[in-house]
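The values are calculated or read from the model by the stated rules, or taken from the named source; none is laboratory data. Given the structure is predicted, the values throughout are model-derived calculations rather than measurements. All Cβ positions, even for glycine, are placed from backbone atoms using ideal geometry, and neighbour counts span all protein chains on display. Ligands, DNA and RNA are stripped out before the accessible areas are found, and what is left, the full protein with its side chains, is counted by its heavy atoms. Shrake-Rupley method; radii C 1.70, N 1.55, O 1.52, S 1.80 Å.
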Amino acid sequence: MRKLRLCIVGDELVAGSGDPRALGWTGRVLARTAIPSNSHVFTLARPGETTAQLAARWEAEAYPRFVEDADNRLIVGLGVADVEAGLSTARTRLALANIADIALSKHVSVLMVGPPPLRSSDTRQLEAVSDAAREVCDRRQIPFIDTYTPLASHDQWHDDLVMSENGLPSQAGYGLLAWIVLHSGWFDWIGLDSRA
């Protein structure tokens, strides 16, 4: 039986902050995926973390969880921290490229999930972060899931954010994020079936 080790890194969106069900998009996606019983999934989120900070810590946290005889995979979930910290798009691109290059050099499959449009951030700059992540992925032929474009004018997404006390999505918003991930090549990348 296939043995999977899946590490998911990112900020409060990866942690599911603001979701009263405490699932976030990651929990909803994994609940729909037939993960083998001998596999392990690790959510290694750090709220408020920029991609530069993530690049400095992800390897030390993820690699002890990977094993040689497993299918080791890394998901990088992006949020608004780079925009709110004033990081340049070039620095974001460099941090993401470093993460991807190190993972790929160690035979770890990588998937990136771009940032959704959140009301608390500069949306134009956030779109540039999404574009930078797409460029990094395209150059390395790794999957990129764009959440910004499909949600930028999505009424239910924006209604969910308007009702939020912390500027983060709630159940409806995380459900939309999960739907996008599940229908944007997730099952092809993970190589597993839907629980349906």
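Quick notes on this structure:
- In the chain, the calculated helix contribution to ellipticity at 222 nm averages -13500 deg cm²/dmol per residue, counting -39,500 (n - 2.57) for every DSSP H run with n ≥ 4.
- Over the stretch 97-196, relative contact order from alpha-carbon pairs under 8 Å, at least 6 apart, %: 25
- Candidates per GluC sites (Glu not before Pro) in the stretch 63-164, loop by DSSP, up to 10 other Cβ within 10 Å: 68
- Debye, to nearest 20: dipole size of the stretch 1-48, +1 on Lys, Arg Cβ, -1 on Asp, Glu Cβ: 300
- Cα gyration tensor, the stretch 1-106 - rounded (a/c under 1.5), prolate or oblate: oblate
- Surface share of carbon and sulfur [accessible, 1.4 angstrom probe, percent] for the stretch 145-191: 52
- In the stretch 33-83, a dipole from Cβ-located charges (positive for Lys and Arg, negative for Asp and Glu) runs towards its positive end, and of 80, 53, 70 it is 80 whose Cα lies farthest in that direction.
- Surface accessible to a 1.4 Å probe, per residue, for the residues of the chain, Å²: 46
- Net charge in the neighbourhood of residue 36 (other residues with Cβ under 9 Å of its Cβ; Lys, Arg +1, Asp, Glu -1) is +2.
- Total charge dipole magnitude, the stretch 5-91, about the Cα centre, Cβ charges on Lys, Arg, Asp, Glu only, Debye to nearest 20: 220
- Based on the reciprocal of the average 1/r between different C-alpha atoms, the Kirkwood radius for the stretch 87-151 equals 12.1 Å.
- Average silhouette area of the stretch 65-112, convex hull of alpha-carbon atoms, in square nanometres: 3.7
- Of the peptides 109-116, 46-53, the ranking by mean beta-carbon count within 10 Å, highest at the top, reads 109-116, 46-53.
- Counted charge near residue 70, where neighbours are those whose Cβ lies closer than 12 Å (Asp, Glu -1; Lys, Arg +1): +2
- When its C-alpha radius of gyration is set against 2.2 N^0.38 Å (N residues), the chain gives a value of 0.96.
- Normalised by the number of residues in the chain, the average gap of Cα pairs under 8 Å and 6 or more apart makes the relative contact order 26 percent.
- Taking amide hydrogens as placed 1.01 Å from N in the peptide plane, the amide H of residue 72 sits under 5 Å from those of 5, 109, each at least 5 positions away in sequence or on another chain.
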